[in-house]
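Everything below concerns the one structure shown next.
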Amino acid sequence: VEVRLTPSADGLTVDGLTLQAPGLSTGPGDPRGAALRPGAALDFPVGVGGDCAADAGAPTAVVRLRDGTGAVREVAVPLEDDGLVQRLHEGLCFDRELLQQVTVEVVDLREVEGPALQATVRVRRIGGGDRVRLTRVDPNTVYDVTAVGRLATLEGDGAVTAVLRLLPARCDVHALGESYRTGLIGLVVALGDREPHPFVLTPEPAVRERVEAFAVETCRGAGD
């Protein structure tokens, strides 16, 4: 996540930044002595994980500031997040619980008429016993992703598969420039009797590379 600071005073440097957010485990930011300018916002990246033993709460940034005289002080800054911490907490903890019960992976990838890719996604039981139901697939920045046939439901042990069609739908520079998203597959999964929740499937690197390369090749072919 990124913490945005907008100062009202001049001559301040950020020597340290820590995000405190109940429901998230956070690492310290690395502001690298960034100088603040009045009215100009600066964004500071902070790595987060899910603390599923705690409820989500309001976030605060603890900022270590140094002024022009060299004096250092720490200030606690309440953060407006529009519910982001709650959403992150829910998503991270859902992912953790899901992946304690099943593995979700792309086990086959091939080119089909379109030109498009056809991916076979396998859901395999490794623990627990909740029903795992794929309810929807979502597009990403480049691909329209649709199910071929009905989406799978895993009851009990064993494994089920779902076949997805990935059709390159955007060839603009902005979309292709976000190639780190191109190889991700958005699923919506229901675990047990709970409401369906988004889950982003991150395939193995070789699969992601092929999905990303196919989009570029297809877009170049369309341009020719």
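Some notes on this structure:
- Scan of the stretch 127-147 for residues that are open to solvent by 60 Å² or more (accessible area, probe 1.4 Å) and either touching a Ser or Thr at 6+ places or on another chain (Cβ under 6 Å) or within 17 Å of PHE214 (Cβ to Cβ) (or both), ordered by number: ARG133, PRO139, ASP144, THR146
- Within the stretch 147-188, the residues that satisfy the criterion of being among the aliphatic types (A, V, I, L, M), modelled with pLDDT of 95 or more and not in a strand (DSSP E or B) are VAL148, LEU151.
- Leading residue by the ranking (surrounded by the most Cβ atoms within 10 Å (Cβ to Cβ)) among those in the stretch 52-66 that are closer than 20 Å to GLY11 by Cβ and among the hydrophobic types (A, V, I, L, M, F, W, C): VAL63
- All conditions but one from (1) aliphatic (A, V, I, L, M); (2) open to solvent by 60 Å² or more (accessible area, probe 1.4 Å); (3) out of contact with any Asp or Glu (no Cβ under 9 Å at 6 or more places or on another chain); (4) closer than 30 Å to PRO7 by Cα apply to VAL77; the one that does not is (2).
- Filtered residues of the stretch 23-49 (kept if outside any loop (DSSP other than H, G, I, E, B) and open to solvent by less than 40 Å² (accessible area, probe 1.4 Å)): LEU24, ALA34, LEU36, PHE44, GLY49
- Some residue of the stretch 149-160 being open to solvent by 40 Å² or more (accessible area, probe 1.4 Å), among the hydroxyl-bearing types (Ser, Thr, Tyr) and in contact (Cβ under 8 Å) with a residue 60 or more places away in the chain: no
- The set of residues in the stretch 1-16 that are more than 15 Å from ASP67 (Cα to Cα), more than 21 Å from the chain's Cα centre (by Cα) and open to solvent by less than 30 Å² (accessible area, probe 1.4 Å) contains only LEU5.
- Here GLN20 passes the criteria (1) open to solvent by less than 60 Å² (accessible area, probe 1.4 Å); (2) touching a strand residue (DSSP E or B) at 6+ places or on another chain (Cβ under 6 Å); (3) under 20 Å from LEU92 (Cα atoms) except the one numbered (1).
The values are calculated or read from the model by the stated rules, or taken from the named source; none is laboratory data. All of these numbers come straight from a predicted model, not from anything done at the bench. FYI the Cβ positions are ideal-geometry reconstructions off the backbone, even for glycines, and counts take in every protein chain you see. Only protein heavy atoms, including side chains, enter the accessible area calculation; ligands, DNA and RNA are left aside. Shrake-Rupley method; radii C 1.70, N 1.55, O 1.52, S 1.80 Å.
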